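The values are calculated or read from the model by the stated rules, or taken from the named source; none is laboratory data. Please read all numbers here as calculations on a predicted model, not as lab measurements. Here the Cβ positions follow ideal geometry from the backbone for every residue, glycine too, while neighbour counts run over all protein chains shown. Protein only, heavy atoms only, side chains kept; ligands, DNA and RNA dropped before computing areas. Shrake-Rupley method; radii C 1.70, N 1.55, O 1.52, S 1.80 Å.
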Amino acid sequence: MSHPVIQDFRFTVLVVDDTPDNLVLMNDLLKDTYRVKVANNGEKALAIAGSGNPPDLILLDIMMPGIDGYEVCRQLKADPVTRDIPVIFLTAKSEMEDERIGFEIGAVDYITKPISPAIVLARVKTQLSLKAAHDFLRDKNAYLEDQVAQRTKEVSAVQDVTIMVMASLAETRDTDTGNHILRTQGYVKALAEHLKNHPRFEAYLTEANIKMLFKSAPLHDIGKVGIPDHILQKPGPLTPEEFEIMKKHTVLGSDAISHAEGALGVDVDFLNTAKEIARSHQEKWDGSGYPDGLAGEDIPISARFMAVADVYDALISRRVYKEPIPHEKAVLIIQEARGKHFDPDIVDAFIEISEEFRMIANNFTDD
(Lines give C-alpha, C1' and ligand atoms only; values in the text may rest on other atoms or scores of the structure.)
Protein backbone atom coordinates (compact mmCIF):
# COMPACT_ATOMS: atom_id res chain seq x y z
CA MET A 1 0.00 0.00 0.00
CA SER A 2 1.46 3.34 -1.08
CA HIS A 3 1.54 6.27 1.29
CA PRO A 4 0.76 9.86 0.28
CA VAL A 5 3.75 12.13 -0.08
CA ILE A 6 3.76 14.84 2.56
CA GLN A 7 5.14 18.05 1.13
CA ASP A 8 7.33 20.34 3.22
CA PHE A 9 5.77 23.81 3.02
CA ARG A 10 8.27 25.43 5.36
CA PHE A 11 10.25 28.48 4.26
CA THR A 12 13.71 27.80 2.83
CA VAL A 13 16.71 29.67 4.20
CA LEU A 14 20.04 29.68 2.39
CA VAL A 15 23.07 30.11 4.67
CA VAL A 16 26.24 31.33 2.92
CA ASP A 17 29.52 31.14 4.85
CA ASP A 18 33.00 29.86 4.03
CA THR A 19 33.52 28.46 7.54
CA PRO A 20 32.17 24.90 8.00
CA ASP A 21 31.60 25.35 11.74
CA ASN A 22 29.39 28.39 11.07
CA LEU A 23 27.37 26.42 8.53
CA VAL A 24 26.82 23.62 11.04
CA LEU A 25 25.87 26.12 13.77
CA MET A 26 23.30 27.90 11.59
CA ASN A 27 21.88 24.65 10.26
CA ASP A 28 21.33 23.34 13.79
CA LEU A 29 19.71 26.62 14.81
CA LEU A 30 17.30 26.82 11.86
CA LYS A 31 16.53 23.24 10.84
CA ASP A 32 13.63 22.66 13.24
CA THR A 33 11.71 25.62 11.82
CA TYR A 34 12.92 26.01 8.26
CA ARG A 35 14.29 24.06 5.36
CA VAL A 36 18.00 24.91 5.25
CA LYS A 37 20.35 25.06 2.30
CA VAL A 38 24.04 25.89 2.65
CA ALA A 39 26.74 27.31 0.38
CA ASN A 40 30.41 27.73 1.28
CA ASN A 41 31.17 30.39 -1.35
CA GLY A 42 29.54 33.19 -3.32
CA GLU A 43 29.46 31.37 -6.65
CA LYS A 44 27.51 28.46 -5.21
CA ALA A 45 25.16 30.84 -3.41
CA LEU A 46 24.31 32.64 -6.67
CA ALA A 47 23.72 29.31 -8.43
CA ILE A 48 21.30 28.13 -5.71
CA ALA A 49 19.49 31.49 -5.61
CA GLY A 50 19.05 31.53 -9.38
CA SER A 51 17.82 27.94 -9.61
CA GLY A 52 14.28 26.84 -10.24
CA ASN A 53 13.77 26.38 -6.50
CA PRO A 54 15.19 29.57 -4.93
CA PRO A 55 15.36 30.20 -1.18
CA ASP A 56 12.91 32.48 0.59
CA LEU A 57 15.70 34.26 2.51
CA ILE A 58 19.51 34.37 2.46
CA LEU A 59 21.81 34.68 5.48
CA LEU A 60 25.02 35.98 3.92
CA ASP A 61 28.55 36.28 5.29
CA ILE A 62 30.63 39.16 3.91
CA MET A 63 34.26 38.03 4.26
CA MET A 64 34.63 35.10 1.89
CA PRO A 65 37.30 34.16 -0.66
CA GLY A 66 36.47 34.80 -4.31
CA ILE A 67 33.22 36.75 -4.47
CA ASP A 68 32.61 38.45 -1.13
CA GLY A 69 29.18 38.92 0.40
CA TYR A 70 28.80 42.49 -0.80
CA GLU A 71 29.29 41.43 -4.43
CA VAL A 72 26.95 38.47 -4.00
CA CYS A 73 24.27 40.84 -2.74
CA ARG A 74 24.85 43.27 -5.61
CA GLN A 75 24.46 40.50 -8.16
CA LEU A 76 21.35 39.16 -6.44
CA LYS A 77 19.71 42.60 -6.52
CA ALA A 78 20.71 43.20 -10.16
CA ASP A 79 18.99 40.02 -11.35
CA PRO A 80 15.17 40.21 -11.77
CA VAL A 81 14.97 36.52 -10.83
CA THR A 82 16.62 36.99 -7.42
CA ARG A 83 16.21 40.65 -6.50
CA ASP A 84 13.14 40.05 -4.31
CA ILE A 85 14.89 37.49 -2.08
CA PRO A 86 15.59 39.24 1.24
CA VAL A 87 19.25 39.22 2.31
CA ILE A 88 20.43 39.43 5.92
CA PHE A 89 24.14 39.97 6.37
CA LEU A 90 25.57 37.75 9.11
CA THR A 91 29.15 38.88 9.62
CA ALA A 92 32.01 39.70 11.96
CA LYS A 93 32.36 43.12 10.28
CA SER A 94 30.87 45.38 12.93
CA GLU A 95 31.86 48.87 11.84
CA MET A 96 29.03 51.32 11.11
CA GLU A 97 30.45 51.91 7.63
CA ASP A 98 30.21 48.17 6.88
CA GLU A 99 26.60 48.16 8.00
CA ARG A 100 25.84 51.27 5.92
CA ILE A 101 27.23 49.61 2.81
CA GLY A 102 25.20 46.49 3.50
CA PHE A 103 21.91 48.37 3.65
CA GLU A 104 22.88 50.57 0.72
CA ILE A 105 23.32 47.63 -1.63
CA GLY A 106 19.99 46.08 -0.70
CA ALA A 107 20.18 44.03 2.53
CA VAL A 108 17.08 44.04 4.76
CA ASP A 109 19.01 43.46 7.98
CA TYR A 110 22.57 43.27 9.38
CA ILE A 111 23.55 40.94 12.24
CA THR A 112 27.06 40.90 13.71
CA LYS A 113 28.93 37.88 15.06
CA PRO A 114 29.10 36.39 17.57
CA ILE A 115 25.38 35.85 17.14
CA SER A 116 22.57 35.65 19.65
CA PRO A 117 20.44 32.66 18.54
CA ALA A 118 17.24 34.31 19.78
CA ILE A 119 17.96 37.50 17.83
CA VAL A 120 18.79 35.58 14.65
CA LEU A 121 15.57 33.55 14.88
CA ALA A 122 13.49 36.64 15.61
CA ARG A 123 14.93 38.64 12.70
CA VAL A 124 14.66 35.74 10.28
CA LYS A 125 11.02 35.24 11.29
CA THR A 126 10.30 38.96 10.87
CA GLN A 127 11.82 39.16 7.39
CA LEU A 128 10.08 35.99 6.22
CA SER A 129 6.76 37.34 7.48
CA LEU A 130 7.35 40.56 5.55
CA LYS A 131 8.31 38.60 2.44
CA ALA A 132 5.19 36.44 2.73
CA ALA A 133 3.04 39.58 2.89
CA HIS A 134 4.89 41.12 -0.04
CA ASP A 135 4.52 37.95 -2.12
CA PHE A 136 0.82 37.77 -1.30
CA LEU A 137 0.24 41.36 -2.39
CA ARG A 138 2.33 40.88 -5.53
CA ASP A 139 0.43 37.74 -6.49
CA LYS A 140 -2.87 39.42 -5.65
CA ASN A 141 -1.98 42.44 -7.78
CA ALA A 142 -0.90 40.17 -10.63
CA TYR A 143 -4.21 38.32 -10.37
CA LEU A 144 -6.19 41.55 -10.32
CA GLU A 145 -4.23 42.93 -13.28
CA ASP A 146 -4.93 39.72 -15.18
CA GLN A 147 -8.63 40.00 -14.35
CA VAL A 148 -8.73 43.65 -15.42
CA ALA A 149 -6.96 42.78 -18.69
CA GLN A 150 -9.44 39.96 -19.30
CA ARG A 151 -12.45 42.18 -18.56
CA THR A 152 -11.00 44.94 -20.75
CA LYS A 153 -10.57 42.45 -23.55
CA GLU A 154 -14.16 41.27 -23.10
CA VAL A 155 -15.49 44.85 -23.11
CA SER A 156 -13.50 45.64 -26.23
CA ALA A 157 -14.86 42.50 -27.91
CA VAL A 158 -18.42 43.50 -26.97
CA GLN A 159 -17.80 46.96 -28.46
CA ASP A 160 -16.44 45.46 -31.66
CA VAL A 161 -19.34 43.03 -32.03
CA THR A 162 -21.90 45.75 -31.26
CA ILE A 163 -20.40 48.07 -33.86
CA MET A 164 -20.24 45.40 -36.53
CA VAL A 165 -23.81 44.28 -35.85
CA MET A 166 -25.09 47.88 -36.05
CA ALA A 167 -23.06 48.59 -39.17
CA SER A 168 -24.08 45.33 -40.83
CA LEU A 169 -27.72 46.16 -40.11
CA ALA A 170 -27.30 49.39 -42.05
CA GLU A 171 -25.59 47.54 -44.90
CA THR A 172 -28.52 45.12 -45.27
CA ARG A 173 -30.65 48.13 -46.25
CA ASP A 174 -28.10 49.43 -48.76
CA THR A 175 -27.78 46.82 -51.50
CA ASP A 176 -24.56 45.83 -53.28
CA THR A 177 -22.25 47.32 -50.64
CA GLY A 178 -21.15 43.97 -49.16
CA ASN A 179 -17.79 44.39 -47.49
CA HIS A 180 -17.84 48.19 -47.74
CA ILE A 181 -17.57 48.61 -43.97
CA LEU A 182 -14.52 46.32 -43.75
CA ARG A 183 -12.79 48.06 -46.64
CA THR A 184 -13.37 51.55 -45.28
CA GLN A 185 -12.05 50.41 -41.89
CA GLY A 186 -8.86 49.29 -43.58
CA TYR A 187 -8.53 52.49 -45.64
CA VAL A 188 -8.94 54.75 -42.61
CA LYS A 189 -6.39 52.82 -40.58
CA ALA A 190 -3.90 52.84 -43.49
CA LEU A 191 -4.20 56.61 -43.85
CA ALA A 192 -3.87 57.16 -40.11
CA GLU A 193 -0.77 54.98 -39.83
CA HIS A 194 0.81 56.77 -42.78
CA LEU A 195 0.12 60.24 -41.35
CA LYS A 196 0.77 59.61 -37.64
CA ASN A 197 4.09 61.48 -37.77
CA HIS A 198 2.79 64.33 -39.95
CA PRO A 199 3.06 67.73 -38.17
CA ARG A 200 -0.63 68.47 -38.71
CA PHE A 201 -1.88 65.14 -37.41
CA GLU A 202 0.69 63.67 -35.01
CA ALA A 203 -0.94 65.16 -31.91
CA TYR A 204 -4.27 63.57 -32.85
CA LEU A 205 -3.08 60.28 -34.30
CA THR A 206 -2.01 58.59 -31.09
CA GLU A 207 -2.10 54.82 -30.94
CA ALA A 208 -5.34 55.03 -28.97
CA ASN A 209 -7.00 57.39 -31.47
CA ILE A 210 -5.95 55.28 -34.44
CA LYS A 211 -7.61 52.34 -32.71
CA MET A 212 -10.72 54.45 -32.12
CA LEU A 213 -10.82 55.48 -35.79
CA PHE A 214 -10.61 51.85 -36.87
CA LYS A 215 -13.26 50.80 -34.39
CA SER A 216 -15.64 53.67 -35.20
CA ALA A 217 -15.35 53.70 -38.99
CA PRO A 218 -18.05 51.04 -39.63
CA LEU A 219 -20.70 53.33 -38.12
CA HIS A 220 -20.25 56.11 -40.68
CA ASP A 221 -23.43 55.16 -42.55
CA ILE A 222 -25.49 53.86 -39.62
CA GLY A 223 -28.03 56.63 -40.28
CA LYS A 224 -29.08 54.92 -43.53
CA VAL A 225 -31.38 52.70 -41.48
CA GLY A 226 -33.65 55.74 -41.31
CA ILE A 227 -33.77 56.38 -45.08
CA PRO A 228 -36.81 54.95 -46.96
CA ASP A 229 -36.08 51.98 -49.23
CA HIS A 230 -37.42 53.66 -52.36
CA ILE A 231 -34.69 56.30 -51.98
CA LEU A 232 -31.87 54.21 -50.53
CA GLN A 233 -32.23 51.48 -53.16
CA LYS A 234 -33.28 53.61 -56.14
CA PRO A 235 -31.45 52.38 -59.28
CA GLY A 236 -31.36 55.80 -60.95
CA PRO A 237 -30.43 59.36 -60.01
CA LEU A 238 -32.17 60.89 -57.03
CA THR A 239 -34.45 63.87 -57.45
CA PRO A 240 -33.49 67.04 -55.52
CA GLU A 241 -36.18 66.22 -52.98
CA GLU A 242 -34.96 62.64 -52.59
CA PHE A 243 -31.37 63.80 -52.23
CA GLU A 244 -32.39 66.14 -49.38
CA ILE A 245 -33.87 63.13 -47.60
CA MET A 246 -30.77 61.03 -48.31
CA LYS A 247 -28.55 63.75 -46.82
CA LYS A 248 -30.33 63.31 -43.50
CA HIS A 249 -28.57 59.98 -42.91
CA THR A 250 -25.62 61.90 -41.47
CA VAL A 251 -27.69 63.56 -38.75
CA LEU A 252 -29.78 60.44 -38.17
CA GLY A 253 -26.59 58.47 -37.61
CA SER A 254 -24.97 60.87 -35.17
CA ASP A 255 -28.25 61.34 -33.29
CA ALA A 256 -28.72 57.57 -32.97
CA ILE A 257 -25.24 57.20 -31.51
CA SER A 258 -25.88 60.14 -29.17
CA HIS A 259 -29.06 58.48 -27.93
CA ALA A 260 -27.18 55.24 -27.33
CA GLU A 261 -24.51 57.16 -25.42
CA GLY A 262 -27.17 58.92 -23.38
CA ALA A 263 -28.67 55.59 -22.43
CA LEU A 264 -25.28 54.53 -21.08
CA GLY A 265 -25.07 57.70 -19.02
CA VAL A 266 -21.35 58.18 -19.68
CA ASP A 267 -19.12 59.57 -22.41
CA VAL A 268 -17.50 56.81 -24.45
CA ASP A 269 -14.44 57.71 -26.52
CA PHE A 270 -15.15 55.48 -29.47
CA LEU A 271 -18.75 56.68 -29.63
CA ASN A 272 -17.56 60.30 -29.72
CA THR A 273 -15.38 59.45 -32.71
CA ALA A 274 -18.25 57.51 -34.27
CA LYS A 275 -20.55 60.54 -33.90
CA GLU A 276 -17.99 62.77 -35.63
CA ILE A 277 -17.58 60.35 -38.51
CA ALA A 278 -21.30 59.69 -38.93
CA ARG A 279 -22.25 63.38 -38.96
CA SER A 280 -19.38 64.96 -40.84
CA HIS A 281 -17.98 62.45 -43.35
CA GLN A 282 -19.97 64.17 -46.12
CA GLU A 283 -18.52 67.62 -45.36
CA LYS A 284 -16.14 69.04 -47.97
CA TRP A 285 -12.88 70.93 -47.50
CA ASP A 286 -14.28 73.94 -49.40
CA GLY A 287 -17.43 74.10 -47.26
CA SER A 288 -19.87 72.83 -49.91
CA GLY A 289 -20.72 69.59 -48.13
CA TYR A 290 -23.45 68.66 -45.66
CA PRO A 291 -25.10 68.64 -43.12
CA ASP A 292 -23.42 71.65 -41.47
CA GLY A 293 -21.40 73.19 -44.31
CA LEU A 294 -18.16 72.90 -42.35
CA ALA A 295 -14.92 73.84 -44.11
CA GLY A 296 -11.21 73.17 -43.67
CA GLU A 297 -9.95 72.60 -40.16
CA ASP A 298 -13.49 72.91 -38.76
CA ILE A 299 -14.22 69.45 -40.14
CA PRO A 300 -13.25 66.81 -37.55
CA ILE A 301 -10.07 64.98 -38.51
CA SER A 302 -11.83 61.64 -38.18
CA ALA A 303 -14.45 62.70 -40.72
CA ARG A 304 -11.78 63.97 -43.15
CA PHE A 305 -10.14 60.55 -43.14
CA MET A 306 -13.48 58.84 -43.67
CA ALA A 307 -14.39 61.18 -46.54
CA VAL A 308 -11.46 59.94 -48.64
CA ALA A 309 -12.04 56.30 -47.65
CA ASP A 310 -15.78 56.44 -48.35
CA VAL A 311 -15.53 58.17 -51.73
CA TYR A 312 -12.75 55.91 -52.98
CA ASP A 313 -14.76 52.82 -52.09
CA ALA A 314 -17.94 54.21 -53.64
CA LEU A 315 -16.04 54.88 -56.88
CA ILE A 316 -14.55 51.39 -57.24
CA SER A 317 -17.71 49.52 -56.11
CA ARG A 318 -20.86 48.53 -57.94
CA ARG A 319 -24.00 50.25 -56.75
CA VAL A 320 -27.63 49.96 -57.81
CA TYR A 321 -27.21 53.27 -59.63
CA LYS A 322 -23.71 52.80 -61.14
CA GLU A 323 -21.02 50.40 -62.32
CA PRO A 324 -17.58 50.30 -60.63
CA ILE A 325 -14.69 52.27 -62.10
CA PRO A 326 -11.03 51.15 -62.19
CA HIS A 327 -8.70 51.91 -59.30
CA GLU A 328 -6.52 54.19 -61.43
CA LYS A 329 -9.46 56.37 -62.44
CA ALA A 330 -10.70 56.56 -58.82
CA VAL A 331 -7.24 57.75 -57.73
CA LEU A 332 -7.30 60.50 -60.39
CA ILE A 333 -10.78 61.66 -59.34
CA ILE A 334 -9.70 61.99 -55.69
CA GLN A 335 -6.48 63.72 -56.71
CA GLU A 336 -8.47 66.27 -58.73
CA ALA A 337 -10.63 66.97 -55.66
CA ARG A 338 -7.58 67.83 -53.53
CA GLY A 339 -8.26 71.06 -51.62
CA LYS A 340 -11.89 71.11 -52.81
CA HIS A 341 -13.62 68.02 -51.49
CA PHE A 342 -10.72 66.66 -49.43
CA ASP A 343 -8.00 67.78 -47.01
CA PRO A 344 -4.92 68.27 -49.25
CA ASP A 345 -2.51 66.44 -46.96
CA ILE A 346 -4.82 63.45 -46.64
CA VAL A 347 -5.11 63.27 -50.43
CA ASP A 348 -1.31 63.37 -50.72
CA ALA A 349 -1.09 60.46 -48.27
CA PHE A 350 -3.76 58.60 -50.22
CA ILE A 351 -1.76 58.99 -53.44
CA GLU A 352 1.38 57.70 -51.72
CA ILE A 353 -0.35 54.56 -50.41
CA SER A 354 -2.94 54.07 -53.15
CA GLU A 355 -1.59 50.58 -53.86
CA GLU A 356 -2.34 49.68 -50.25
CA PHE A 357 -5.92 50.81 -50.85
CA ARG A 358 -6.05 48.53 -53.90
CA MET A 359 -4.85 45.57 -51.82
CA ILE A 360 -7.42 46.24 -49.08
CA ALA A 361 -10.15 46.39 -51.73
CA ASN A 362 -8.97 43.10 -53.21
CA ASN A 363 -8.90 41.44 -49.79
CA PHE A 364 -12.55 42.34 -49.10
CA THR A 365 -14.19 42.09 -52.50
CA ASP A 366 -17.97 41.97 -52.73
CA ASP A 367 -19.47 38.59 -53.54
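Can you sort ARG358, ARG74, ARG319 by 1.4 Å-probe accessible area, starting with the largest?
Working: ARG358 70, ARG74 110, ARG319 25 Å².
I get ARG74, ARG358, ARG319, largest accessible area first.
Hey, for a label at LEU25 modelled as a point 7 Å past Cα toward Cβ, could you say which residues of the range 122-140 have their backbone N under 11 Å away?
none
With Cα Rg over 2.2 N^0.38 Å as the read-out, I listed (1) 1.15; (2) 1.00; (3) 1.66; which label goes with the value calculated from this structure?
The calculated read-out lines up with (3).
What FRET efficiency comes out for ILE119 versus ILE67 if R0 is 35 angstrom and r is the Cβ-Cβ distance? Round to the nearest 0.05. Walk me through the numbers on the way to the answer.
Numbers: r = 27 Å, r/R0 = 0.76.
It comes out at approximately 0.85.
With the other protein chains left in place, how much accessible area per residue, in square angstrom, belongs to the range 27-163 at a 1.4 angstrom probe?
Values: 7690 Å² over 137 residues.
For the range 27-163, the solvent-accessible area averages 56 Å² per residue.
Rounded to a whole number of µm²/s, how large is the Stokes-Einstein D of the range 292-367 at 4 °C and 1.567 mPa s, given Rh as the Kirkwood radius over C-alpha pairs?
On the way: Rh = 13.1 Å.
Rounded, D is 99 µm²/s.
Could you grab the relative contact order for the chain? Cα pairs under 8 Å, six or more apart, rounded to a whole percent.
Answer for the chain is 11 percent.
Give the long-range amide H neighbours of ILE111: residues separated by 5 or more places, or on another chain, with amide H under 5 Å away, using H modelled in the peptide plane at 1.01 Å from N.
Amide H neighbours of ILE111: PHE89, LEU90, THR91.
What do you get for the angle between helix 207-216 and the principal long axis of the chain? Use alpha-carbon atoms, 0 to 90 degrees, nearest ten.
So the helix axis and the longest Cα principal axis differ by about 40 degrees.
Within the chain, which is the longest segment containing none of the chymotrypsin sites (Phe, Trp or Tyr not before Pro) that sit in a DSSP loop and have at most 12 other Cβ atoms within 10 Å?
The segment 10-320 is the longest one with no such site.
Express in Å², to the nearest 10, the accessible area of GLU99 obtained by rolling a 1.4 Å probe over the protein heavy atoms while all chains stay in place.
Approximately 70 Å² for this residue.
Determine the share of the chain's accessible area contributed by carbon and sulfur atoms, expressed in whole percent, with a 1.4 angstrom probe. All intermediate terms of the calculation are to be shown ahead of the outcome.
Details: 10970 of 19330 Å².
Answer for the chain: carbon and sulfur cover 57 percent of the accessible area.
Less than 16 Å apart at the alpha-carbon level, and either on another chain or at least 8 residues along: which aspartates and glutamates does that give for LYS131?
ASP56, ASP84, ASP109, ASP139
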